[in-house]
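Below you'll find the structure, written out as structure tokens, and then a few comments.
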Amino acid sequence: MSRKASIALTIFAAFSLIASLTALPTFAQQTVDNLSVEEIIRRFASKESELKEARKNYSFRQKVIIQTIGPGGQVTGEFRRDTEVVFDDSSNRREKIVYFPTPTLTEVVITPEDLHDLSGIQPFALTLDEVGKYDIKYLGKERIDELNTYVFEVKPKVMPDLRKSKERYLQGKIWVDDVDFQIVKVVGRGVPQGKQRFPLFETYRENIDDKYWFPTYTFADEVLHFESGQSSRVRMLIRYTDYKRFSGDIKIIGDGEIVKDKP
């Protein structure tokens, strides 16, 4: 996010870099629950790869709200965009805007590139192809509600040069369920920042179809300090709901009505 410039507020584009499986980090003699830390990383990266592919076969609704907040806590501007990710009668996956009132933001500007990042079409996942680009440090175990999780700190091994690369990374922490070996919580921000400022976000996932931990909630609320000396408090809320696995007997008709073929 920049002052009167671009805002980039999605965790789903944060892991967009490619690395090989052989580049997985190594942890000499460090074990947890009778597993090496390297094996834990290998397992969750494999599960994340599976999850990323599986999510391409789901429809869902997404609500994005981005607000600027004044000194007294009042909302001074808002961007709102509700979309549905659905499949047409040719089984093509597409995004449909269902609600998009005129934005009232005046302190920041959202660009088409930012909207692409926020769309959720390319979901956040730390896959086998991506994990080798990160320094990953095991921090310990932590209980979240009813889940026992492994906590890792993640940051890019090499920070991209903004003048030469558009690559984006996540810098923060991830919480991995110790049974399903899937990420269930993320806290961090997109990097590099350059002249822009990106808020610290927190994302939670929920178990869908008793198999996949898909993102359902992202929240950020932070005062961003720009190089100009000006500051803006930005609040962001993203909700993902109504996950439904696509099957070939479902079609989209008319203005987006979903129907099933007769047997």
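The numbers here are math on the coordinates, done by the rules we state, and not lab data. Worth saying up front: this structure is predicted, and the values here are computed from it rather than measured. Methodologically, a virtual Cβ is constructed for each residue, glycine included, from the backbone with ideal geometry; neighbour enumeration extends over all protein chains shown.
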Please report the net charge: other residues with Cβ closer than 12 Å to the Cβ of Pro199, K and R +1, D and E -1. +1
How would the range 21-260 be classified by its alpha-carbon gyration tensor: rounded, prolate or oblate, with rounded meaning a/c under 1.5 and the a/b versus b/c comparison settling the rest? oblate
Aspartates and glutamates whose Cα lies under 18 Å from that of Lys96, excluding same-chain neighbours fewer than 8 positions away: Asp82, Glu84, Asp88, Glu113, Asp114, Asp117, Asp242, Asp255, Glu257
Restricting to aspartates and glutamates and to Cα separations under 12 Å from Lys195, and discarding same-chain partners fewer than 8 apart, the set is Glu227
Provide the net charge surrounding Thr31, with neighbours chosen by a C-beta distance below 11 Å and charges set as Lys +1, Arg +1, Asp -1, Glu -1. -3
